[in-house]
Amino acid sequence: MAINPQLQSRCNNSCELCSAENVELQAYAVPPKSNDSIDNVVALCPDCYSKITESDYSDANYWRCLEGSIWSEVPSVQALSYKLLGKLSAEEWATETIESVALDEAVVLWANAEDELEASKLVHKDSFGVVLATGDNVILTQNLNIKGANFIASKGTMVRKIRLVPDNDEQIEGKIEGHTIVILTKYVRKAV
């Protein structure tokens, strides 16, 4: 996304992370926020932009520029710098930089928000730890007494096109003999 005149003025025509000048800058919205406001974006050079969007943190020395950008007065630049330094926490200089700066709590929460959202997603796994998805087929690993239907679903029964229970990662829904039932994930294995 091209940068608007306000952002171009704020960044003084240089990358807000590595200070590269005379390059075509791009606006990058710091997740999980969108680019609907200049307060949510950072002006980046093509190198920084591509490394961030590709999650390429292999060249730790490239990111030493964060030692300076973390001190920016712009909250979006602080949040992005803090987030990237966290990804480089194996580097002693990155850890020291994080410890040396006192950021506003809102900036730290912003920097960590995307990772927390990702961690909070429920993951349904079968009895062997294989991740399940809606539409998968599973096989029962033990006999199940189906309450209200007066039958027992035997071990080895195939349950086709399951649905994940959205608020409980230990339950799925499936049809057995025409009855939609809730099944505990610990009693199924994903069919291959």
Take residue 57 and residue 34, extend 7 Å from each Cα along the Cα→Cβ direction, and tell me the distance between the two endpoints in nm. 2.7 nm
Pairing rule first: another cysteine's C-beta must sit under 4.7 Å. Under that rule, which cysteines of the chain stay single? 11, 48
If you find the alpha carbon centre of the range 30-78 and of the range 105-127, how far apart are they in angstrom? 20 Å
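Want the number for residue 170 to residue 184: 0.36 nm per residue separation, take away the alpha-carbon distance, what's left? If you can, show how the numbers build up before the last one.
Details: separation 14, 0.36 × 14 = 5.04 nm, distance 0.56 nm.
Extending this stretch completely gives an extra 4.5 nm.
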Ordering of 81-88, 10-17, 109-116 by burial proxy (mean other Cβ atoms within 10 Å per residue, highest first): 81-88, 10-17, 109-116
By a straight-distance test (C-alpha under 17 Å), which lysines pair with residue 155 as possible cross-link partners, with residues fewer than eight away in the same chain excluded? 147, 175, 186, 190
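Given the range 138-190, report the % of alpha carbon pairs whose separation exceeds 17 Å. Provide the component values of the computation, followed by the final result.
Details: 359 of 1378 pairs.
That tail contains 26 percent of the Cα-Cα pairs.
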How long is the gain from residue 150 to residue 20 if the chain were fully straight, where each residue apart is worth 0.36 nm and the alpha carbon distance is subtracted? 39.6 nm
With no solvent term and unit scatterers on the alpha-carbon positions of the range 95-192, Debye gives log₁₀ I(q)/I(0) at q = 0.19 Å⁻¹ of -0.85
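Per the Cauchy relation, a quarter of the hull surface: what is the mean projected area of the convex hull of the alpha carbons in the chain, in nm²? Walk me through the numbers before you get to the answer.
On the way: hull surface 59.4 nm².
Dividing the Cα hull surface by four gives the mean projection, 14.8 nm².
We did not get these values from a lab; they are worked out from the coordinates using the rules stated. All figures in this text were calculated on a predicted structure; none of them were measured in a lab. Virtual Cβ from ideal backbone geometry, glycine too; neighbours counted across all protein chains shown.
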